[in-house]
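*Asks:* My questions will all concern the structure given below.
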Amino acid sequence: RTDLVTTTAVAAVSASTSAAVAAVRNLGILAHVDAGKTTVTERILFLTGAVHKRGEVHDGTTVTDFDPQERDRGITIFAAAVSCEWGGHRLNLIDTPGHVDFADEVERSLRVLDGAVAVFDAVSGVEPQSESVWRQADRHGVPRIAFVNKMDRPGADLDAAVASIREKLHPAPLAVQLPIGREGGFTGVVDLVGMRALTWPDGAEPGADCQVGDVPEELAAEAARRRQALAEAVAELHPAALEEYCATGSLTAAALTGALRQLTGSGQAVVVLCGSAYRNRGVEPLLDAVAAYLPSPLDVPPVRGEFDGAPQERTADPEQPFSALVFKVAATATGRLGSLRIYSGTLRKGDTVLDARTGRTERIGRILRVQADRHTETGTAVAGDIVAVVGAKGAKVGTTLCDPRAPLVLEPAVAADPVVTVA
Ligand code: GDP
């Protein structure tokens, strides 16, 4: 009887832990310089409450850029990821440099994320630099959704941007929105999955409620036509959706969402959304799409490694032996700060871990979860999570930290493209 009680308690704990892991999205924002990555990131941090004050690119107060008023001795500047929450999901936003000069830094960050948002400019569509970052993400098998930004600009054209994605990057970009209004008159989108209008009042502050309403009458026929085309395109790629489509002539919102999630995770399709980050339009649906379509650490393939020539595999299971990869290291006044992606097991404050590169053991002093303008200390962190730690003194970028009783070296990153300098 006691055994039974204990087993049940353990099962309950691990069910709640795996629900927590399922709610994690480790994502990066990939973009050509000037497409609006900083602005999109800023809006995300604001909407998710990760920052308390509005930052503007032009007055130099954005929290993702260097902040001279940094309060916490470098921790929030030097951490490679920022945690925030959206609709019950934990989003770990991993810093991915946008410039091809930082190709190997992009590689490092691509290695630890499970999905990405690729930001495009609605006027220029796919540009050469977005192509090179896209190829890197391809090589790491990173599932992506696309955000066509700057829909308010003269000449902005979602259809043309989708066509350029199809031509240059991916055969199956699937637009799940129809813009409402053009250029300066862009006021919102029709969500083609749920067939509803999402609009933002003029001059809306970030965080001002996105208004949900019926599809405007003048767009009803076009929206219906596009939804049907979307359902058809999804059915062509997804056998279960095809079955439902053949039986009913359409797909329910739930069926579309489920199929789009699988197609995104497997890299067969790229969901496309649009907005104007600068005008605070379209970022909430983008966050919803991150939660709905990008994979959790439980959805991605197990990570591989080796020990003494023997291949090893680890899954995002908190009960497995601990393993993590260091992907950024910085010297701060608080001490050496390492950003880690935990692939398996559980890390507790005070744990002794093996640095697989040096063969030495290290004691983890503090485990920090970093928000944009502050950090919080946590006692434990589990598989799938990204945290910063103080205390892994010998750790370098690319170092595996693991349970000394179950040593392994995690597979190194794919070799970077030669660094290209753009004149
Ligand atoms: P990054 O280089 O990709 O990080 O791009 P930024 O976020 O710094 O944006 C580049 C420029 O585009 C800045 O001047 C922004 O103010 C501007 N920008 C960003 N989003 C929008 C948008 O939605 N519409 C318009 N018109 N401009 C935008």
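The values are calculated or read from the model by the stated rules, or taken from the named source; none is laboratory data. Just so we're clear, the structure is a prediction, and the values are computed from it rather than from any experiment. Using ideal geometry, Cβ is built from the backbone for each residue, glycine included, and neighbour counts are taken over all protein chains shown. Side chains are part of the model used for accessible areas, which takes the heavy atoms of the whole protein and leaves out ligands, DNA and RNA. Shrake-Rupley method; radii C 1.70, N 1.55, O 1.52, S 1.80 Å.
Each row is one residue, and each column tells you yes or no for (1) surrounded by 18 or more Cβ atoms within 10 Å (Cβ to Cβ); (2) within 16 Å of the ligand (Cβ to nearest atom).
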{"site": "Cys246", "(1), (2)": "no, no"}
{"site": "Gly249", "(1), (2)": "no, no"}
{"site": "Thr252", "(1), (2)": "no, no"}
{"site": "Leu263", "(1), (2)": "yes, no"}
{"site": "Ala269", "(1), (2)": "yes, no"}
{"site": "Val272", "(1), (2)": "yes, yes"}
{"site": "Ser276", "(1), (2)": "yes, yes"}
{"site": "Asn280", "(1), (2)": "yes, yes"}
{"site": "Val283", "(1), (2)": "yes, yes"}
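*Asks:* Would you mind telling me which numbered condition in (1) touching a Lys or Arg at 6+ places or on another chain (Cβ under 9 Å); (2) open to solvent by less than 60 Å² (accessible area, probe 1.4 Å) Arg366 fails?
*Replies:* Here Arg366 meets the rest and fails (2).
*Asks:* Suppose we filter Pro295, Pro318 for residues that are of a type outside the set (Phe, Trp, Tyr) and either modelled with pLDDT of 95 or more or within 16 Å of the ligand (Cβ to nearest atom) (or both); which single one remains? Can you show your working first?
*Replies:* Working: Pro318 fails: either modelled with pLDDT of 95 or more or within 16 Å of the ligand (Cβ to nearest atom) (or both).
It is Pro295.
*Asks:* Working only within the range 29-42, note down all residues that are open to solvent by less than 10 Å² (accessible area, probe 1.4 Å) and assigned to a helix (DSSP H, G or I).
*Replies:* Val40, Glu42, listed by residue number.
*Asks:* Return the residues of the range 355-382 that are among the hydroxyl-bearing types (Ser, Thr, Tyr) and touching a strand residue (DSSP E or B) at 6+ places or on another chain (Cβ under 9 Å); say none if nothing qualifies.
*Replies:* Filtering the range 355-382 down to residues among the hydroxyl-bearing types (Ser, Thr, Tyr) leaves 358, 361, 376, 378, 380.
Residues satisfying the conditions are Thr361, Thr376, Thr378, Thr380.
*Asks:* Within the range 147-163, work out how many residues are within 10 Å of the ligand (Cβ to nearest atom), over 24 Å from the mean Cα position of the chain (by Cα) and among the charged types (D, E, K, R).
*Replies:* Matching residues across the range 147-163 total 2.
*Asks:* Given the conditions (1) touching a Pro at 6+ places or on another chain (Cβ under 7 Å); (2) over 22 Å from Ser296 (Cα atoms), which single one is not true for Gly384?
*Replies:* Exception for Gly384: condition (2).
*Asks:* For the structure I just gave you, tell me whether Val193 is open to solvent by less than 30 Å² (accessible area, probe 1.4 Å) and assigned to a loop (DSSP other than H, G, I, E, B). Outline the logic, then answer.
*Replies:* Numbers: open to solvent by less than 30 Å² (accessible area, probe 1.4 Å): yes; assigned to a loop (DSSP other than H, G, I, E, B): yes.
Here the answer is yes, as Val193 does meet what is asked.
*Asks:* Could you identify the single residue in Gly184, Gly188 that is over 18 Å from Pro285 (Cβ atoms), within 15 Å of the ligand (Cβ to nearest atom) and either over 21 Å from the mean Cα position of the chain (by Cα) or not small (Gly, Ala, Ser) (or both)?
*Replies:* Details: Gly188 fails: over 18 Å from Pro285 (Cβ atoms).
Of the residues listed, the single one that is over 18 Å from Pro285 (Cβ atoms), within 15 Å of the ligand (Cβ to nearest atom) and either over 21 Å from the mean Cα position of the chain (by Cα) or not small (Gly, Ala, Ser) (or both) is Gly184.
*Asks:* Being assigned to a loop (DSSP other than H, G, I, E, B), touching a helix residue (DSSP H, G or I) at 6+ places or on another chain (Cβ under 7 Å) and among the hydroxyl-bearing types (Ser, Thr, Tyr) is the filter here; which residues of the range 300-336 pass it?
*Replies:* First, the residues of the range 300-336 that are assigned to a loop (DSSP other than H, G, I, E, B): 300-302, 308-309, 315-322, 333-334.
Then drop every residue that is not touching a helix residue (DSSP H, G or I) at 6+ places or on another chain (Cβ under 7 Å), which leaves 316, 318-319, 334.
Correct list: Thr334 only.
*Asks:* State which residue pairs qualify: first residue within 26 Å of Pro297 (Cα to Cα) and among the small types (Gly, Ala, Ser) and inside the range 26-45, second residue more than 6 Å from the ligand (Cβ to nearest atom) and part of a helix (DSSP H, G or I) in any location, beta carbons under 8 Å apart, and separation of 6 or more residues or different chains.
*Replies:* Every condition considered, the pairs that remain are Gly28/Ser109; Gly28/Leu110; Ala31/Val40; Ala31/Ser130; Ala31/Val133.
*Asks:* Kindly indicate whether Leu174 is of a type in the set (A, V, I, L, M, F, W, C), open to solvent by 10 Å² or more (accessible area, probe 1.4 Å) and more than 18 Å from Val33 (Cα to Cα).
*Replies:* Values: of a type in the set (A, V, I, L, M, F, W, C): yes; open to solvent by 10 Å² or more (accessible area, probe 1.4 Å): yes; more than 18 Å from Val33 (Cα to Cα): yes.
Spelling it out, Leu174 is indeed of a type in the set (A, V, I, L, M, F, W, C), open to solvent by 10 Å² or more (accessible area, probe 1.4 Å) and more than 18 Å from Val33 (Cα to Cα).
*Asks:* Restricting to the range 120-142, count the residues that are open to solvent by 10 Å² or more (accessible area, probe 1.4 Å), in contact with a Gly (Cβ under 7 Å, 6 or more places away or on another chain) and within 20 Å of Ser109 (Cβ to Cβ).
*Replies:* Result for the range 120-142: 1.
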